[in-house]
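The values are calculated or read from the model by the stated rules, or taken from the named source; none is laboratory data. Computed from a predicted structure; not experimentally measured. Neighbour counts run over all protein chains shown; Cβ positions are idealised from the backbone, glycine included. The protein model used for the area step is the full one, side chains on, heavy atoms only, and it has no ligands, DNA or RNA in it. Shrake-Rupley method; radii C 1.70, N 1.55, O 1.52, S 1.80 Å.
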Amino acid sequence: MLEALERQRAPFEVLGHGLHIGLSIGIASAPTDATKAGELLSAADDAMYRAKQSGRYSLKVFDAEMGRERREQAALRRDLTAAFAK
């Protein structure tokens, strides 16, 4: 998988223009990380954002810490929204 990721670093040509793309991949698996489709997508999304924080061309596998951080951020968003509403 990492080898395939490295191959994506090479520019490719589209209509005479050399293009570079940056990849960040997040991986989650069922039933280890989630049992419902939406939860699994959310876990993979958490892993992808962690990969993005590591820079282009990185891959991260979901772990429980990522889920804890997501829940804390969601709670903070809810609290801030409620506070601004008051």
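At-a-glance table
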{"read-out": "Heavy-atom accessible surface of the chain: percent carbon and sulfur, 1.4 Å", "value": "57 percent"}
{"read-out": "Fluctuation leader among Gly18, Gly67, Gly55 - the chain, Gaussian network, Cα springs under 10 angstrom", "value": "Gly18"}
{"read-out": "Separation in nanometres of the label points that stand 7 Å from Cα toward Cβ, at His17 and Asp45", "value": "2.9 nm"}
{"read-out": "At R0 = 25 Å, FRET efficiency that the Cβ-Cβ distance of Thr35 and Glu72 yields, to 0.05", "value": "0.70"}
{"read-out": "Dipole magnitude of the chain about its Cα centre (Cβ charges: Lys, Arg +1; Asp, Glu -1), debye to nearest 20", "value": "300 debye"}
{"read-out": "Helical contribution to [θ] at 222 nm, DSSP H n ≥ 4, -39,500 (n - 2.57), averaged over the chain, rounded to 500", "value": "-17000 deg cm²/dmol"}
{"read-out": "Nearest 10 degrees, 0 to 90: helix 64-85 Cα axis against the chain principal axis", "value": "60 degrees"}
{"read-out": "Nearest 10 degrees, 0 to 90: helix 37-53 Cα axis against the chain principal axis", "value": "60 degrees"}
{"read-out": "Farthest positive-ward along the chain dipole, Cα basis, beta-carbon charges - from Ala75, Pro11, Gly55", "value": "Ala75"}
{"read-out": "For the chain: accessible area per residue (Å², 1.4 Å)", "value": "76 Å²"}
